[in-house]
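Asks: Pasting in a structure now, in structure tokens, and then I'll have a few things to ask.
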Amino acid sequence: MKELLEQLLPRVQKPARYIGNEWNSIHKDWDSTPLKMAFAFPDTYEVGMSHLGTRILYDIVNKRPDTLMERVFAPWVDMEKLMREQGLPLFGLESCRPLREYDIIGFTLQYEMSFTNILNMLDLAGIPLRAEERGDEYPLIIAGGPCAYNPEPLAPFVDLFVIGEGEEVIHELLDGFREWQEGRLSAVSYQLSAPGEALQAKKHSKQALLEELVKIPGIYVPGFYDVTYDESGRILGIKPNRPGVPGKVVKRVVKDFDGVDFPTKPIVPYTEIVHDRVMLEVLRGCTRGCRFCQAGVLYRPVREKKPETLLRQARELVGQTGYNEISLTSLSTSDYTCVGPVVESLLDEYQQQGIGISLPSLRIDSFSVDLAQQVQRVRKTGLTFAPEAGTQRLRDVINKGVTEENLVEAVTGVFKHGWTSIKLYFMIGLPTETNEDLDGIAHLANKVVAIANEMGVGRKGKGLKVTVSASSFVPKAHTPFQWEPQAALEELKAKQNYLKERIRNRKITCNWHDANLSYIEGVFARGDRRLAAALEKAWQLGCKFDGWTEHFKFETWLEAFRQVGIDPRSYANRAFVHEEILPWDHLSSGVSKEYLIREHRQALAEAGTGDCRFHGCQGCALCPDLDVEVHLQRGAGHDPY
């Protein structure tokens, strides 16, 4: 294997993607480690190595003496071509062993448009795609991540899904596997001289393993559930098909976020990756309640780390990596209660070493020019704000909670202090959107330019640059907008063209997400397990790396739907009603369906809902039902309110 790999590497782009010997990578002895697991990221090395979850689980699993975890990523098309020509199966980076030799392969599901890569990676590994075709000699195929909250299009291909946060449940899953593994090994020796071999084999089969693992809270085994449909194709029921299986799988959530394992000795790649910096997770969760936002539901409640924990972890991370930038990561870092003091402490300690601080997610209403100035003490970069919608009416619909005045105040402050580059993120196709709302996007963009002109920004040195990025609304499971249809494809494209006609200022650059891609994403975001046939057919027809513009094959996708007799519009463009059973109703994010229905009605009434951190409990039911609570670092400085 290694010899053949070495022959192929000089013939591909970026061979550093495949060598697996990076700084801080962990190489355990294969033969003396009982349980072997591969963490599979269904995209390129550069994307996967930028994923914080990869770093966290790699660290946790490899700390166990009885388990090793190695990494595998989707090989780029040039490498895949050579691998198939030379008969080189997909392999783990650390040991260069074929994936078939591992006990468990765990995929992370970050994006619906990576689903074809999962099938492609299994095929490249020589592993049958469908769970029913994989005997006990094949690895257990598991998956987790945000898309696991509606994994139904992948249901036939995956043995089990982990719903929720993985730091604790991964130990329970591995412990269960080890118990089964040890029992199976002893049973093999016992069967050599004992009768009843068939009974013993059944007891220690993969099916028996799944029957034990499904008892772990947060574990979903799709093969243990039957889905029935009516004549129109709507779901009649999703029910367990055997005893001992929960009717509803509830997500796992880490209660002690400050004390949970966090990697401070992460792998440092030899090649540039998307997020090539220290990633320091300051908080988890967001209760702002934006009604389109799936992450805000999935990662509730808000849990903040202590400042001293962050400073200690930053010190260890800088010492172990040599990076010159620390990114304070979360869904909304400027909401972190202690963000000001933590940023100041980090800069005081690392500024002289040329190590900068970045805040990747800034809200307009909690934006502080003083904080931005602190962050830019080492190096100045552009700033990004997300008004999301062009009018206050539509911002009320989505519960964004920011105003035009917030934006004016923020950009005026940053222009005053020397910034010349601003990015604005919007979403088009939102429920109830009209042309007036699109006009509002153009109005806000032009207003930012007008403010800059009035202040004389860009007249000296670098010119003013305002970038408007507009994505298309995709309804997501477990959100108040899960019942809303995505705008028809032709309508999305018309909205893009309408907006282009109204933003013609040479100081404004406009970026648009591919509407065709958003359409297919919408199909799978609201899909059920019947879509598995279309997914498999699309892969057979050549679809992979669908999230990459140069590889996305829209017409091939449409052909796949035609061949299997599925109308994708029935998933993306149909309004669901509150009373119907949704494909993901047997999986719980902890937020009650009744609350989501109430929020949906609030949206249509253009009424806001407060943030429970500051306006009291809003009744989502998560904290009492999951026995968790919002955890803030009180009395320690920055309070944006």
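Asks: State the percentage of accessible surface on the stretch 363-444 attributable to carbon and sulfur atoms; use a 1.4 Å probe and exclude ligands, DNA and RNA.
Replies: Values: 1420 of 2990 Å².
Reported share for carbon and sulfur atoms: 48 percent.
Asks: Then there is this: Could you please tell me the mean projected area of the C-alpha convex hull for the stretch 36-187, averaged over all directions and given in square nanometres to one decimal? Kindly include the intermediate steps, with their values, before the conclusion.
Replies: Values: hull surface 36.1 nm².
So the mean shadow area of the Cα hull is 9.0 nm².
Asks: Determine the share of the stretch 593-634's accessible area contributed by carbon and sulfur atoms, expressed in whole percent, with a 1.4 angstrom probe.
Replies: After summing per-atom areas, the C and S share lands at 48 percent.
Asks: Turning to a different aspect of this structure: Distance check, please: which entries in K36/K306; K476/K544; K248/K537; K14/K251; K14/K63 exceed 28 angstrom between their Cα atoms?
Replies: In this structure, K36/K306; K248/K537; K14/K251; K14/K63 exceed 28 Å between Cα atoms.
Asks: Ratio to report: Rg/Rh of the stretch 364-443, with Cα atoms as the point set and Rh obtained by the Kirkwood method; give two decimals.
Replies: With Rh from the inverse mean 1/r over Cα pairs, Rg/Rh is 1.03.
Asks: Now for a different question. After finding the eigenvalues of the alpha carbon gyration tensor for the chain, what semi-axes result from the square roots of 5 times each, listed largest first in whole Å?
Replies: 40, 30, 25
Asks: Follow-up. List the lysines whose Cα lies under 20 Å from the Cα of K416, skipping any in the same chain that are fewer than 8 positions away.
Replies: Reachable lysines: K380, K447, K460, K462, K465, K507.
Asks: Same structure again: Keeping all protein chains in place, calculate the accessible area per residue for the chain (probe 1.4 angstrom), answer in Å².
Replies: Accessible surface, normalised per residue, equals 40 Å².
Asks: Mean separation of Cα pairs under 8 Å and 6+ residues apart, divided by the residue count of the stretch 455-572: what relative contact order is that in percent?
Replies: Over the stretch 455-572, the number comes to 27 percent.
Asks: Right, something else. Please work out the Kirkwood hydrodynamic radius for the stretch 230-306, using every pair of different C-alpha atoms, and report it in angstroms with one decimal place.
Replies: Across the stretch 230-306, the inverse of the average 1/r is 17.1 Å.
Asks: Apply the a/c threshold of 1.5 to the C-alpha gyration tensor of the stretch 429-557 and tell me whether it is rounded, prolate or oblate. Don't jump to the answer; show the numbers that get you there.
Replies: Numbers: a/c = 3.05, a/b = 1.97, b/c = 1.55.
Because a/c hits 1.5 or more and a/b exceeds b/c, the stretch 429-557 counts as prolate.
Asks: Using the 2.2 N^0.38 Å rule of thumb for compact globular proteins, work out how the stretch 39-118 stacks up: its C-alpha Rg over that value, please.
Replies: Cα Rg divided by the expected 2.2 N^0.38 Å: 1.11.
Asks: What residues qualify as long-range amide H neighbours of L587, i.e. H under 5 Å apart, gap of 5 or more or another chain, H built at 1.01 Å from N?
Replies: V249
Asks: Quick check on packing: order 81-93, 127-139 by the mean number of other C-beta atoms within 10 Å, highest mean leading.
Replies: Numbers: 81-93: 17.2, 127-139: 15.1.
Result, highest mean Cβ count within 10 Å first: 81-93, 127-139.
Asks: So what does the Cα-only Debye profile of the stretch 232-364 read at q = 0.09, 0.18, 0.22 Å⁻¹, as log10 I(q)/I(0), no solvent term?
Replies: Treating every Cα as an identical point scatterer, log10 I(q)/I(0) equals -0.38, -1.04, -1.40.
Asks: Using the scaling law 2.2 N^0.38 Å as the reference, what is the normalised Cα Rg of the stretch 326-414?
Replies: Normalised by 2.2 N^0.38 Å, the Cα Rg of the stretch 326-414 equals 1.17.
Asks: What net charge do the residues around D276 carry, taking every other residue with its C-beta under 12 Å from that of D276, with Lys and Arg at +1 and Asp and Glu at -1?
Replies: Cβ neighbours under 12 Å give a net charge of -2.
Asks: How high is the FRET efficiency between R634 and A605 when r is their beta carbon distance and R₀ equals 30 Å, given to the nearest 0.05?
Replies: The value I calculate is 0.35.
Asks: Could you list, by residue number, the cysteines of the chain that have no other cysteine's beta carbon within less than 4.7 Å of their beta carbon?
Replies: Singleton cysteines: C96, C147, C286, C338, C510, C543, C612, C617, C620, C623.
Asks: For every helix of n ≥ 4 consecutive DSSP H residues, a contribution of -39,500 (n - 2.57) applies; sum these over the chain, divide by its total residues, and give [θ] at 222 nm rounded to the nearest 500 deg cm²/dmol.
Replies: Calculated mean residue ellipticity at 222 nm is -10500 deg cm²/dmol.
Asks: Separate question: Would you mind telling me the share, in percent, of accessible area of the stretch 1-135 contributed by carbon and sulfur at probe 1.4 angstrom?
Replies: Of the solvent-accessible surface of the stretch 1-135, carbon and sulfur hold 51 percent.
Asks: Would you mind checking the radius of gyration and Dmax of the stretch 405-473 based on alpha-carbon positions, in Å?
Replies: 13.3, 43
Asks: Can you compute the charge dipole magnitude of the chain about its Cα centre, using +1 on each Lys and Arg Cβ and -1 on each Asp and Glu Cβ, nothing else charged? Give it in debye, rounded to the nearest 20.
Replies: Charge dipole of the chain: 1380 debye, to the nearest 20.
Asks: How high is the relative contact order of the chain, in percent, with contacts defined as C-alpha pairs under 8 Å that are six or more residues apart? Before the final figure, lay out each step's value.
Replies: Values: 1141 pairs, mean separation 93.9, N = 641.
Taking the mean separation of contacting Cα pairs over the length of the chain, I get 15 percent.
Asks: Please compute the net charge surrounding E308, taking Lys and Arg as +1 and Asp and Glu as -1 over other residues with Cβ under 12 Å from its Cβ.
Replies: Working: positive: K305, K306, R312, R315; negative: D258.
Taking every Cβ under 12 Å from that of E308, the sum is +3.
Asks: Listed highest first by mean packing, meaning other Cβ atoms within 10 Å per residue, what order do 147-154, 386-393, 233-240 come in?
Replies: 147-154, 386-393, 233-240
Asks: What are the aspartates and glutamates whose alpha-carbon lies under 20 Å from the alpha-carbon of K423, with same-chain residues fewer than 8 places away excluded?
Replies: Once the sequence-local aspartates and glutamates are set aside, what remains near K423 is D335, D365, D370, E388, E404, E405, E409, D437, D439, E454, E501, D514.
The values are calculated or read from the model by the stated rules, or taken from the named source; none is laboratory data. The structure presented is a predicted model; accordingly, all values stated were derived computationally and were not measured. Here the Cβ is made from the backbone with ideal geometry for all residues, glycine too, and neighbour counts use every protein chain on show. Just the protein is used for accessible areas: all its heavy atoms, side chains included, with ligands, DNA and RNA removed. Shrake-Rupley method; radii C 1.70, N 1.55, O 1.52, S 1.80 Å.
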